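The values are calculated or read from the model by the stated rules, or taken from the named source; none is laboratory data. Please read these numbers as outputs of a predicted model, since none were measured by experiment. Cβ sites come from the backbone with ideal geometry, for glycine too, and all protein chains shown count toward neighbours. Each accessible area value is taken on the protein alone, full model and side chains, heavy atoms only, with ligands, DNA and RNA left out. Shrake-Rupley method; radii C 1.70, N 1.55, O 1.52, S 1.80 Å.
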Amino acid sequence: MPINPDAVGETGGPVARSWNSKDALLYAVGIGAGTDELSFTTENTRGVTQRVFPTFAVIVGGGGTPMHKAGTYDRTKMVHGEQGFELFDEIPPDGEIESTGRIAGIWDKGAAAVLESESESFDKATGKRLLKTRSMLFCRGEGGWGGDRGPSAKLAYPDAEPTHQVTYATREDQALTYRLSGDRNPLHSDPAFAAAGGFEKPILHGLCTYGFTGRALLHSLCNGDPSRFRSMNARFSRPVIPGDTLTVSMWADGNEALFRTTNQNGDVVIDQGRCTFG
């Protein structure tokens, strides 16, 4: 069946998800962390305790949402539209959570449908709430049924130079490392599949670009301390090609910052970014 707008409000779960130290390490190198971030990329460095990047929330969270009830869509034309998460405690290197989710919205953008989901996760050992995630999938060619277009409010960036700015280079094989954290969509690895979706070559996972951005936020705004990171939300505005250079610009004000990420040509690839920290 096509997109099913009546699925809004459908819930699912609980779904269990566990991870270990190796999963957290693999995610860290997948988002570009290296030898100058050993607390995230090693588990046995003398005098260093392993910690986990806050954006790992988007890997382990998100469970329980009954997306199969939202109908069908062409996966070659589906891209990540927006992603957010909120942390209530620091993510441990090893853990297990139970998540429940719901379809929060299905929006008609005319040329596309947007599927919005929300999920809440609890630490299975303690019963305490650990994180929440929110995601939007942009499904090209699936709109036009006359539904609500959804919210359109935009953040207003300051008319000033960024308070912080960080530049990272991605590798040409970045997507091949990142996909090992779970997203095996061939859009990011198979040239033929990418071409069927209208791309000249496989594109980088939106959540990999998101992870690079989160690294910059963590080190610039929280002095590299994950326990200070509270929330992050952003919109994916343009595909990134593995090998691109990413610059994250931040405008911090108190315990909040707006941010955006651009590529080497100055094109905005992550927009409408807002994060909070302690």
FRET efficiency for VAL268 and ASN233 from the Cβ-Cβ distance with R0 = 22 Å, rounded to 0.05, comes out at 0.90
One finds the C-alpha centres of region 125-185 and region 1-16 to be spaced, in Å, by 20
In the chain the accessible area split gives carbon plus sulfur, as whole percent at 1.4 Å, a share of 47
Expressed in angstrom, Rg and Dmax over the Cα atoms of region 64-115 are 14.7, 43
HN-Hα couplings for region 28-41 via Karplus (6.51, -1.76, 1.60; θ = phi - 60°), in whole Hz with x for Gly/Pro, come out as 4, 6, x, 9, x, 5, x, 6, 8, 9, 5, 5, 10, 10
Counting only DSSP loop positions in region 79-148, the trypsin sites (Lys or Arg not before Pro) whose Cβ has at most 14 other Cβ atoms within 10 Å are LYS128
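Ordering PHE53, PHE236 by how much accessible area each has at a 1.4 Å probe, largest first, what is the list?
The ordering from most to least exposed comes out as PHE236, PHE53.
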Most fluctuating of GLY198, GLY206, GLY224 in the GNM of the chain (C-alpha, under 10 Å) is GLY198
Between the modelled labels at LYS22 and MET67 (7 Å from Cα along Cα→Cβ) the distance in nm is 2.5
So, over other residues within a Cβ distance under 12 Å of ASN20, counting Lys, Arg +1 and Asp, Glu -1, the net charge is -2
The farthest towards the positive end of the charge dipole of the chain, of the residues ASN44, GLY143, PRO158, given +1 on Cβ of Lys and Arg and -1 on Cβ of Asp and Glu, is GLY143
Rounded to whole Å², per residue accessible area for the chain with a 1.4 Å probe reads 46
Kirkwood Rh over alpha-carbon pairs of region 1-136 plugged into Stokes-Einstein at 25 °C, 0.890 mPa s gives a D in µm²/s of 151
Answer in debye to the nearest 20: the dipole magnitude of the chain about its Cα centre, from +1 Lys/Arg and -1 Asp/Glu charges placed on Cβ, is 200
If one builds a Gaussian network model of the chain from Cα atoms under 10 Å apart, the most fluctuating residue listed among GLN264, GLN165, GLN83 is GLN264
Percent relative contact order for region 68-174, counting Cα pairs under 8 Å at least six residues apart, stands at 29
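At 222 nm, what value in deg cm²/dmol follows for the chain if DSSP H runs of at least 4 each add -39500 (n - 2.57) and the sum is divided by all its residues, to the nearest 500?
-4000 deg cm²/dmol
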Once both label points are put 7 Å beyond Cα along the C-beta direction, the ALA160-THR126 separation in nm becomes 3.6
If one builds a Gaussian network model of the chain from Cα atoms under 10 Å apart, the most fluctuating residue listed among THR209, THR55, THR167 is THR167
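Grab the eigenvalues of the alpha-carbon gyration tensor for the chain, scale each by 5, take roots, and send me the semi-axes largest first in whole angstrom.
28, 23, 20
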